[in-house]
């Protein structure tokens, strides 16, 4: 699947036009619009429900996007290209992004790690447990902070297998930990330890490395 790409200068001008026209869809790429709009709109409509947490809606939106634009369909190089996510945000789904965030240009195009569609796609990718049901299960009862901590703490690049193992083990430790910010602390520990440690070569491999990350909290 080929998705068009737009650069910052184009995105900026297009965003200004959206501000003037109420963030409505203008007819670009109707086939792509039809594919994305129906499933994503059902989720976006729930953002206004007091019984539906924004975090939950973000996860559901991410799962929809990951199904539509899975790595085998668009490739990880395209998924890493913020220009593609800017195009989807500004030209294909401006009304949906606006329904979630309002007039916040960083969520449409301006900050590459804050573009909403890209952020929730990568959160699902970095949390993926092999299928949608297993992934949704480990992500329940989390908060928006986990999305921020996982996606924005990229360093020199994502360690996909490592991040997926952290997310896999997180629910068990959250349920018994007294640390309210356990995920943030573990991610900080991980960033520091990666300077001198290769998880796959440590005792117990990546699984053992992650287990020790969480167990180190009891020593604080």
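Every number in this text was worked out from the coordinates using simple rules, so none of it is lab data. Remember, predicted model here, so these are calculated numbers, not experimental data. As a convention, Cβ positions derive from the backbone with ideal geometry for all residues, glycine included, and neighbour counts pool all protein chains shown.
Every helix of 4 or more DSSP H residues in the chain counts as -39500 (n - 2.57), and over all residues that averages to -18000 deg cm²/dmol at 222 nm. The length gained by stretching the chain between residue 41 and residue 211 to full extension, at 0.36 nm per residue less their Cα-Cα distance, is 57.3 nm. Put a dot 7 Å past the Cα of residue 70, heading toward its Cβ, do the same for residue 131, and the two dots end up 1.2 nm apart. The long axis of helix 116-127 is offset from the longest Cα principal axis of the chain by roughly 30 degrees. In degrees, nearest 10, range 0 to 90: what is the angle between the Cα axis of helix 8-21 and the longest Cα principal axis of the chain? Once rounded, one gets 60 degrees. Which of rounded, prolate, oblate describes the stretch 58-149, given a ≥ b ≥ c as roots of the alpha-carbon gyration tensor eigenvalues and a/c under 1.5 marking rounded, otherwise prolate only if a/b is larger than b/c? Cα axes put the stretch 58-149 in the oblate bin. Counting beta carbons within 10 Å around each of 64, 210 and listing the fewest first gives the order 64, 210.
Taking the fewest neighbouring Cβ atoms within 10 Å as the starting point, the ordered list for 25, 15 is 25, 15. Against the longest alpha carbon principal axis of the chain, how many degrees, from 0 to 90 and to the nearest 10, is the axis of helix 182-193 turned? Roughly 70 degrees between the two axes. Annotation for residue 5 and residue 189: the two label points, set 7 Å from Cα along the Cα-Cβ direction, are 3.9 nm apart. Sequence-distant contacts, meaning Cα pairs under 8 Å at least 6 residues apart, place the relative contact order of the chain at 19 percent.
Among 189, 201, 123, the largest mean-square fluctuation in a Gaussian network model of the chain, built with springs joining Cα atoms closer than 10 Å, belongs to 201.
Highest mobility in the GNM of the chain, judged by mean-square fluctuation with C-alpha springs under 10 Å and restricted to 24, 202, 78, is found for 202. A Gaussian network model of the chain, with springs between Cα atoms under 10 Å, assigns the largest mean-square fluctuation among 151, 97, 160 to 160.
Please rank 167, 1, fewest neighbouring Cβ atoms within 10 Å first, as an exposure proxy. Could the numbers behind the result be given before it?
Details: 167 22, 1 12.
Ascending Cβ contact count within 10 Å gives the list 1, 167.
What percent does the relative contact order of the stretch 1-131 come to when contacts are Cα pairs within less than 8 Å and at least six residues apart? Could you put the intermediate results ahead of the total?
Values: 134 pairs, mean separation 46.8, N = 131.
Reported as a whole number, the value is 36 percent.
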